[in-house]
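Accompanying notes for the structure given below.
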Amino acid sequence: MGPQHPSTHGVLRLVLKLSGEKVVECIPVMGYLHRGLEKIFEWRTYHQGIRYADQSDYVSNMLNEHAYAGAMEAIAGIDVPRRAEYIRVIVDELSRCASHLVWLGTYGLDVGATTPFLWCLRDREEILDLFEELCGSRMNFNYYRPGGVLYDFPPGWLSKLERYLDRYAQHIEEDYVRVLEGNEIFLERTVGVGVIPADVAIAYGLSGPMLRGSGVAWDLRVDRPYSIYPELKSMKPAVFPEGDAFARFKTRVQEMRLAIAIVRECIAKLPGGAMRARLGHVWKCPKGESYYTVEGAKGEVGIYMISDGRSPNPSRTPSRSSARWISSSVRWTASARHRQWAPAHAAAPGAPAPCDARLPVREARAARAVARPHRVAPRARDEHLQVRVVPDVREGLPAARDLDLVPVQERLPPPPDARAARVVLPDPHGADRAVR
């Protein structure tokens, strides 16, 4: 199947083994995802490469720019000003929210919910408006610089951000959580679906929400700290042990709550001072190499940069994209092997689910089954067709009655004669002709 074109850039090919309409095995072919960004970095200066880091993930651009700028700073030993570090964390967490909103809206569409997609675009548009006011762009921001950021916050920008955070936090609870977590259809299509155990997630190299949704407490902001994250008291990663699609949904929703708390703490502690180190207009990175990682919205984002000390361009800049590892895990989730695994809450028979939203769903499903009307039997294909109601075998239901309907022959018009009719139509040229 494929190569498909699921996004603006990059394609994915899946080799499927089918048994009828059931997917038995799925092998993703990852080579089509290569877009030549590593070679582009080699032909651009260090400052120009930041703009192309945006395109490696144009949904969470700031996080990729952070990894690229951090690799340069690690080689050169540049000290980033304190105010610039706080600004970076604020824009990083806003970019994480923008990415999660795209995921949440499209995920709702995939499971049948249309309205949350519009709500997610509503909240994401306000983040892009803030970014546009900050750096002049809504997509390819080109905001990071070695040693800091390009611009400081405009006047009144932080006040707008605080008002947005209040609205955003209210929307998370009243729109996304209330509508989706309590929706029976959403739970039916996510609970126990696509289970990835912790050992399988580690074996596939997953990171970010995919890994923490499988119960592995690994967050680069805590376990491999960078910037000012070790100083933030609100930095508490979200971890859920079930490993199914619903656990990954809860992980991302909790990360949006966490991002709001982190941004609010950074605003309260925002120091004064410069927002960029003075490096000069023409700057060459000294000789060396480094690998700088950032906790991206989809997982670990890493830049391995090599500098020869002579050229204004990096010699090599391989990168680690979490999307490649997530796509490779499709081989597990789309195959029949993962169905033998069950979420952690289903391991013990009769044990209550850890999520209080799941147990009422089962109760509601049982109550609806009792109140369900009688099923109508499928119509038999014979000339004396009659429809009857089949009584349900559940206890407490009233006895069903047969419906006396007229046979199908008396309700339908008689079939036309099998012989073709011969019609005489006037010819526009004056001669009559027979049309069969």
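Tabulated data
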read-out: Computed label-point distance, nm, for sites Ile27 and Arg189 using a 7 Å Cα→Cβ extension; value: 3.1
read-out: Loop-resident sites, segment 115-156, for trypsin sites (Lys or Arg not before Pro), counting at most 16 other Cβ within 10 Å (DSSP); value: Arg138
read-out: Percent breakdown of C-alpha pair distances by 5 Å bin, ordered from the shortest bin, for segment 158-291; value: 2, 9, 14, 15, 15, 14, 12, 9, 6, 3, 2, 1
read-out: Simple label model, 7 Å out from Cα along Cβ direction - Arg82 to Glu133, nm; value: 2.7
read-out: Cβ-based net charge around Tyr107, under 10 Å, with every Lys or Arg adding one and every Asp or Glu removing one; value: +1
read-out: Alpha carbon centroid spacing (whole Å) that separates segment 264-312 from segment 143-158; value: 14
read-out: Where labels lie 7 Å past Cα in the beta-carbon direction, separation of Val330 and Arg278 in nm; value: 5.2
read-out: Neighbourhood net charge (10 Å Cβ-Cβ; Lys/Arg +1, Asp/Glu -1) for Trp218; value: -2
read-out: 25 Å Cα-Cα reach of Lys287 towards lysines, excluding residues that sit fewer than 8 places from it in its own chain; value: Lys39
read-out: Ranked packing of 64-75, 188-199, most packed first, by mean Cβ within 10 Å; value: 64-75, 188-199
read-out: Taking the convex hull of Cα positions in segment 36-317, its mean projected area over all directions (nm²); value: 14.5
read-out: Greater than 20 Å apart at Cα, pairs in Lys160/Lys233; Lys22/Lys250; Lys269/Lys298; Lys160/Lys269; Lys160/Lys236; value: Lys160/Lys233; Lys22/Lys250; Lys269/Lys298; Lys160/Lys236
read-out: Calculated FRET value between Leu118 and Ala217, using beta carbons and R₀ = 35 Å, to 0.05; value: 0.55
read-out: Gain in span if fully extended, Lys17 to Glu162, counting 0.36 nm per residue against the direct Cα distance; value: 47.1 nm
read-out: Residues of segment 91-127 with amide N under 17 Å of the 7 Å Cα→Cβ point at Leu150; value: 91-92, 95
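Computed from the coordinates by the stated procedures, all read-outs in this text should not be read as laboratory data. Source: prediction; values computed, not measured. Don't worry about glycine lacking a Cβ; one is built from the backbone with ideal geometry, like all the others, and counts go over all protein chains shown.
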